[in-house]
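Undergrad: One structure, as structure tokens, below. Some questions next.
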Amino acid sequence: MALPRTPSFRLDGRRAVVAGASSGIGLASAVALAEAGAEVALVARREGELLELAGVIGGAGGRASVHPLDVTDLTATATLVAEAGPFDILVNAAGLARHSPALDTRPEDYDAAMSLNLRAAYFLTREVARGLIEAGKPGSLINISSQMGHVGGPDRAVYCASKHALEGMTKAMAIEWGPHGIRVNTLCPTFIRTPLAAPTLDDPERRTWVLSKIKLGRVGEVEDLMGPVVFLASDASALITGTSLLVDGGWTAE
């Protein structure tokens with residue numbers, strides 16, 4: 001009797017690029033991919049943090065290169081991907097939040113959020129896909145979205161708009177690039193204990209609201225996302241594209 005074999009979660013021989021790798025979810029994603037065997041290109045604006053991370057990854061036996069870059073600079077982003085790619089895996093974890101009541105939204109906050117959360121993500125994903133198509137290679141492209149790409153939240157109209165748009169972008173790209181063997185998905189966390197979430201989690205009233213929505217009763221940690229990132233990057237998710245992996249503790253179950 002021939003038994004089925006579990007697809008490998010290993011990423012040996014594959015090259016990954018992680019945007020927003022200097023902290024939080026991006027840093028954890030880079031570590032997870034390196035531990036699974038991928039060679040990881042670390043991208044963020046803060047060179048010092050990237051150098052430190054690359055040193056730690058290298059010291060643990062992994063492989064990482066440092067690429068200081070602001071991904072909102074589309075020309076520099078395209079140049080990096082063209083020169084350092086093709087990349088088999090993308091994790092786009094660069095993002096920001098500028099929360100306020102919708103009536104108080106400033107145009108400059110709207111523009112900043114859309115520029116990084118959507119515009120930069122769109123063109124970074126496109127450039128990585130372009131490199132794969134030109135090389136005739138399959139790949140897995142992962143955009144870090146949010147549970148807020150599926151629901152709404154107080155004072156989050158701009159953030160929700162950017163993440164809902166990211167979800168739609170991901171579905172459309174998955175349709176276009178599926179024939180090339182390129183998978184495109186989002187990973188959608190709940191509130192994760194990172195500097196980005198600190199203003200919310202440090203406010204007792206807001207923290208109570210957050211915990212009331214998470215059915216598992218706790219805020220997420222970056223470690224909660226490391227396994228899902230490797231899963232989406234690996235052959236274990238070979239038939240998954242154009243969808244979202246919600247790591248939200250049950251927030252969106254209701």
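The values are calculated or read from the model by the stated rules, or taken from the named source; none is laboratory data. Here the structure is a predicted model, which means the values were calculated and not measured. Cβ sites come from the backbone with ideal geometry, for glycine too, and all protein chains shown count toward neighbours.
Undergrad: I want to confirm something. Restricting to the range 56-105 and keeping residues that are more than 24 Å from GLU134 (Cα to Cα) and hydroxyl-bearing (Ser, Thr, Tyr), which single residue is surrounded by the fewest Cβ atoms within 10 Å (Cβ to Cβ)?
TA: Checking each candidate, the answer is SER100.
Undergrad: Could you please find all residues in the range 162-199 being among the β-branched types (Val, Ile, Thr) and either at pLDDT 95 or above or within 17 Å of VAL151 (Cα to Cα) (or both)?
TA: THR170, ILE175, ILE182, VAL184, THR186, THR190, ILE192
Undergrad: Look at THR105 and say whether it is within 16 Å of the chain's Cα centre (by Cα) and either over 19 Å from SER162 (Cα atoms) or at pLDDT 95 or above (or both).
TA: no
Undergrad: Could you please find all residues in the range 36-49 being free of Cβ contacts under 8 Å to residues at least 40 places away in the same chain and either surrounded by fewer than 24 Cβ atoms within 10 Å (Cβ to Cβ) or touching a Lys or Arg at 6+ places or on another chain (Cβ under 6 Å) (or both)?
TA: Of everything in the range 36-49, those that are free of Cβ contacts under 8 Å to residues at least 40 places away in the same chain and either surrounded by fewer than 24 Cβ atoms within 10 Å (Cβ to Cβ) or touching a Lys or Arg at 6+ places or on another chain (Cβ under 6 Å) (or both) turn out to be GLY37, GLU39, ARG45, ARG46, GLU47, GLY48, GLU49.
Undergrad: Please work out which residue is surrounded by the most Cβ atoms within 10 Å (Cβ to Cβ), limiting yourself to the range 106-133 and to residues that are charged (D, E, K, R) and within 16 Å of VAL17 (Cα to Cα).
TA: Residue satisfying both the conditions and the ranking: GLU127.
Undergrad: Which residues, taken from the range 97-117, are among the hydrophobic types (A, V, I, L, M, F, W, C) and either closer than 17 Å to GLY149 by Cα or touching a Lys or Arg at 6+ places or on another chain (Cβ under 9 Å) (or both)?
TA: Of everything in the range 97-117, those that are among the hydrophobic types (A, V, I, L, M, F, W, C) and either closer than 17 Å to GLY149 by Cα or touching a Lys or Arg at 6+ places or on another chain (Cβ under 9 Å) (or both) turn out to be ALA97, ALA102, ALA112, ALA113, MET114, LEU116.
Undergrad: Condition check: of a type outside the set (S, T, N, Q), under 30 Å from GLY136 (Cα atoms), surrounded by 15 or more Cβ atoms within 10 Å (Cβ to Cβ) and under 16 Å from the mean Cα position of the chain (by Cα). Does ALA174 satisfy that?
TA: Judged against the criteria, ALA174 is a match.
Undergrad: If you don't mind, another one. Of all residues in the range 107-133 being in contact with a helix residue (DSSP H, G or I) (Cβ under 8 Å, 6 or more places away or on another chain) and of a type in the set (Ser, Thr, Tyr), which is farthest from ALA94 (Cα to Cα)?
TA: By that ranking, first place goes to TYR110.
Undergrad: Do we find that ALA94 is modelled with pLDDT of 95 or more and in contact with a Lys or Arg (Cβ under 7 Å, 6 or more places away or on another chain) in this structure?
TA: no
Undergrad: Answer yes or no: is there a residue in the range 156-176 that is closer than 30 Å to ILE214 by Cα and in contact with an Asp or Glu (Cβ under 6 Å, 6 or more places away or on another chain).
TA: Among the residues of the range 156-176, not one is closer than 30 Å to ILE214 by Cα and in contact with an Asp or Glu (Cβ under 6 Å, 6 or more places away or on another chain), which makes the answer no.
Undergrad: Moving on to the next point. Quick one: would you say SER22 is in a loop (DSSP other than H, G, I, E, B), among the small types (Gly, Ala, Ser) and more than 15 Å from the chain's Cα centre (by Cα)?
TA: no
Undergrad: Could you tell me whether VAL158 is surrounded by 16 or more Cβ atoms within 10 Å (Cβ to Cβ) and over 16 Å from the mean Cα position of the chain (by Cα)?
TA: Judged against the criteria, VAL158 is a match.
Undergrad: Any residue at all in the range 16-29 that is farther than 22 Å from ALA121 by Cα and either surrounded by fewer than 18 Cβ atoms within 10 Å (Cβ to Cβ) or in contact with a Gly (Cβ under 7 Å, 6 or more places away or on another chain) (or both)?
TA: Checked against the condition, which is being farther than 22 Å from ALA121 by Cα and either surrounded by fewer than 18 Cβ atoms within 10 Å (Cβ to Cβ) or in contact with a Gly (Cβ under 7 Å, 6 or more places away or on another chain) (or both), the range 16-29 yields no hits at all.
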